[in-house]
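*Asks:* Right, I'll just put the structure down here and ask away after.
We did not get these values from a lab; they are worked out from the coordinates using the rules stated. Quantities reported herein were computed from a predicted structural model and do not represent experimental measurements. Quick reminder, even Gly has a Cβ in these numbers, built from the backbone with ideal geometry, and neighbours come from all protein chains shown.
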């Protein structure tokens, strides 16, 4: 089975990282995550990451720098995450559906309850910092 291709943006502003909380009606409800979603047909990963960032948070990234690619064997289907850093995104945070969000010190990210695939992203983020 081919993996589902997903693009994520890791927004960083003033040294803090934006995370959002998954809604009660979503799989893995209540866990914290980075903005992102499925890459649409014809989209390249960086375009998808920028689109998902806008749709989920209202923020606009002027640049998206590749951070890592993570392959995760989800129990239902394999996932491939294309992860980008969105430094100094502009705009005010307005999450889709009014989901909770927070700007977190990178050192505090490991203390959040996040999907297992995000742990590899956190390691890459520590290496890049």
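*Asks:* Expressed in nm to one decimal, what extension gain is obtained for the pair residue 92 and residue 2 from 0.36 nm per residue of sequence separation less their Cα-Cα distance?
*Replies:* 28.8 nm
*Asks:* If you stretched the chain out fully between residue 28 and residue 74, how much longer would it get, using 0.36 nm times the residue separation minus the C-alpha to C-alpha distance?
*Replies:* Stretched out fully, the residue 28 to residue 74 stretch lengthens by 15.4 nm.
*Asks:* Given a 10 angstrom Cα cut-off, can you work out which residue in 15, 42, 58 is the most mobile in a GNM of the chain?
*Replies:* The residue that fluctuates most here is 42.
*Asks:* Using Cα centres only, tell me the gap between the range 28-42 and the range 57-129 in whole Å.
*Replies:* Taking the Cα centre of each part, the range 28-42 and the range 57-129 sit 9 Å apart.
*Asks:* Order these by the 10 Å Cβ neighbour count, fewest first: 69, 44, 39.
*Replies:* Placing the least packed residue first, the sequence is 44, 69, 39.
*Asks:* Give the peptides 28-35, 73-80 in descending order of average Cβ contacts within 10 Å, highest first.
*Replies:* My ranking of the peptides, most packed first, is 28-35, 73-80.
*Asks:* Assuming 0.36 nm per residue, please report the length gained on full extension of the stretch residue 65 to residue 116 beyond their Cα-Cα distance.
*Replies:* Full extension of this stretch gives 16.1 nm more.
*Asks:* First measure r as the distance between the Cβ atoms of residue 99 and residue 128, then evaluate 1/(1 + (r/R0)^6) with R0 = 22 Å and state the FRET efficiency to the nearest 0.05.
*Replies:* Computed FRET efficiency for residue 99 and residue 128: 0.25.
*Asks:* Quick check: convex hull of the Cα atoms in the range 2-82, volume per residue, rounded to a whole Å³?
*Replies:* 112
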